[in-house]
Amino acid sequence: QVQLAESGGGLVQPGGSLRLSCAASGIPFSISAMGWYRQAPGKQRELVATISRGSSANYADSVKGRFTISRDNAKNTVYLQMSSLKPDDTAVYYCNANWLHRDYWGRGTQVTVSA
């Protein structure tokens with residue numbers, strides 16, 4: 001059974017930082033592409049960042065230069081370091097794993113950027 005468990009969300013002031021973590025189990029993590037998506041109230045889920053099994057990263061234009069995705073294959077964990085946070089970054093952040101062309105999702109973690 002595939003499980004993706006996100007953690008690290010919370011309330012942060014504009015300009016602040018947070019690091020999200022996603023611990024994966026039930027998949028061969030080292031050969032799976034991983035990603036972070038987010039969904040704000042009233043909006044569709046959107047891509048934030050992805051990282052290939054070779055650690056090649058891609059980012060949404062809205063987070064380039066502020067967010068960094070990384071992975072630790074020894075810990076089966078993917079991270080999202082978020083800096084210079086803006087109120088528009090407020091959303092539920094979801095971890096995604098893609099293995100054998102199938103998507104798996106975590107339950108999400110809330111990130112709220114507010115003064």
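The values are calculated or read from the model by the stated rules, or taken from the named source; none is laboratory data. The structure presented is a predicted model; accordingly, all values stated were derived computationally and were not measured. Glycine also receives a Cβ, built like all others from the backbone with ideal geometry; neighbour counts cover every protein chain displayed. Just the protein is used for accessible areas: all its heavy atoms, side chains included, with ligands, DNA and RNA removed. Shrake-Rupley method; radii C 1.70, N 1.55, O 1.52, S 1.80 Å.
Expressed as a whole percent, the accessible area of the chain that falls on carbon and sulfur atoms is 45 (1.4 Å probe). Length gained on full extension, residue 86 to residue 30: 17.0 nm, using 0.36 nm per residue less the C-alpha separation. Solvent-accessible surface of the chain, taken per residue with a 1.4 Å probe and all protein chains present: 55 Å². This model, with +1 at the C-beta of Lys and Arg and -1 at the C-beta of Asp and Glu, gives the chain a dipole about its Cα centre of some 80 debye.
Around the amide H of residue 66, modelled in the peptide plane, lies no amide H under 5 Å away from a residue 5 or more places distant or on another chain. Taking amide H as placed 1.01 Å from N in the peptide plane, residue 108 has its amide H under 5 Å from the amide H of 6, 95, each at least 5 places away in sequence or on another chain.
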